[in-house]
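Some notes on the structure that comes next.
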Amino acid sequence: MARRLYVDGPFGQTHLRMAGQETPGRPPLVCFHLSPLSSRLYERFIDRIAEGGGCAVAIDTPGFGMSDAPPTAPMISDYSRAMLAAIDALGIAGPVDLMGYHTGSMIAADLAASHPSRVRRLVLVSAPIFTEAEREHLRQHYGPVPPRLDGSHLVERWASFVHHYHGRGLGLEAVADLFPERLLGRRNSWWGHNAAFSFQPDMRLPEIAQPVLVLNPNDDLRAETRRAAPMIRNGRILEVPDWGHGFLDGFTDDAAGLVESFLAAADSDPFGKLSLPGSTS
């Protein structure tokens, strides 16, 4: 079972979950969550990776989960710097594999592009490419939300969360169990979205030579992720239409099996023997 610990980082303490032990010849898998959740998103998934003999780490982005927040609104490069500091603090010397989810995908891409010797392979849950008009609209839409005396701002967050997470593997009780993580960003929970929609429009994908597996579930970034295809130098976009938000809890075994098959594949053909879920195309 994943253990929880803190390491020091550039913005204070960084909270993370870690499962399994490092194995020679098998790089640890380091996971970055979407905004505005936490590493809780990966809890079952990294336990399953550990059961298969691997080592997996899921890190709370600064300002989310239980990690200390930066003093001002960060950019994706600030987040990736903090993630690399956490990897260093764990004493992981060799290259790692990275897995990112939405905002976490951008953090993973930035880290891989900036420090290619530290990253072996990447799994990205969505790799959205936005137009400038879309980026501006999203920055405004996901801006700060002031509290209201009647608590309606919380009701709106709950309604949005249910809309995105209920179904495709998650029942209402599971959604309710995950929802409190949505609130841990507190008044600055919009910072993650702001960083994501201010990141380089191409996600630095053309700079990444490492193998990249992009999972494209049936969520709110499906169409935008398909735009990434011509920008990926060494990768594949895999459509997973039966998965949506929460699939790491709802389809844990299938998700872990797919990721493990990619990470274990030979360098000569990293995408040739993917363990696909039965209904995936």
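The values are calculated or read from the model by the stated rules, or taken from the named source; none is laboratory data. As the structure is a prediction and not an experimental result, all values here were calculated from the model. Counting neighbours? That spans all protein chains shown, and the Cβs are built from the backbone with ideal geometry, glycine included. Calculation scope for accessible area: heavy atoms of the full protein, side chains included, ligands and nucleic acids excluded. Shrake-Rupley method; radii C 1.70, N 1.55, O 1.52, S 1.80 Å.
Couple of notes before you dig in:
- Charge context of GLU207, other residues only, Cβ under 15 angstrom, K/R +1, D/E -1: +1
- The charge dipole of the chain, taken about the Cα centre with unit charges on the Cβ atoms of Lys, Arg (+1) and Asp, Glu (-1), comes to about 240 debye, rounded to the nearest 20.
- Rounded to the nearest 10 degrees, the angle from helix 152-165 to the longest Cα principal axis of the chain is 30 degrees.
- For the set ASP177, ASP97, ASP68, solvent exposure ranked by accessible area (probe 1.4 Å, protein chains only) runs largest to smallest as ASP177, ASP68, ASP97.
- For PRO28, net neighbour charge (Lys/Arg +1, Asp/Glu -1) across residues whose Cβ lies under 9 Å away: -1
- Amide hydrogen neighbours beyond the local backbone of LEU124, cut-off 5 Å, H modeled: GLY100, LEU213, VAL214, LEU215
- Couplings 3J(HN,Hα) of region 123-136, computed from phi: 10, 10, 8, 6, 9, x, 10, 9, 6, 5, 5, 5, 4, 5 Hz, in residue order, whole Hz [Karplus 6.51 cos²θ - 1.76 cosθ + 1.60, θ = phi - 60°; x for Gly and Pro].
- Probe 1.4 Å, protein heavy atoms only - accessible area per residue of the chain in square angstrom: 42 Å²
- Since only SER126, GLY151, ASN234 are under comparison, the one whose Cα sits farthest along the positive direction of the charge dipole of the chain, derived from C-beta charges on Lys, Arg, Asp and Glu, is ASN234.
- Share antiparallel - DSSP beta bridges, region 1-110, percent rounded to 5: 60 percent
- Its relative contact order, with pairs defined as Cα atoms under 8 Å and 6+ residues apart, puts the chain at 20 percent.
- Net charge, PHE11 excluded, C-beta distance under 9 Å - Lys, Arg +1, Asp, Glu -1: -2
- Antiparallel bridges, percent of DSSP beta bridges restricted to region 30-178 (to nearest 5): 10 percent
- Phi-based couplings in Hz for region 22-29 (Karplus 6.51, -1.76, 1.60; Gly and Pro marked x): 4, 10, x, x, 10, x, x, 9
- Region 1-55: relative contact order in percent, alpha carbon pairs under 8 Å with at least 6 residues between: 39 percent
- Gap separating the Cα centres of region 27-61 and region 210-268, nearest whole Å: 15 Å
- DSSP beta bridges in the chain [antiparallel fraction, %, rounded to 5]: 35 percent
- Förster radius 25 Å - calculated FRET efficiency between ARG139 and ASP177 (Cβ-Cβ, nearest 0.05): 0.25
- Lys, Arg +1 and Asp, Glu -1 on Cβ, resulting dipole of region 1-76 about Cα centre, debye, nearest 20: 180 debye
- Degrees separating the helix 252-264 axis from the principal Cα axis of the chain, which is the longest one: 50 degrees
- Rough spin-label spacing in nm, given labels placed 7 Å along Cα→Cβ, for LEU276 and THR72: 4.9 nm
- Element breakdown for the chain at a 1.4 angstrom probe: carbon and sulfur atoms account for 53% of the accessible area.
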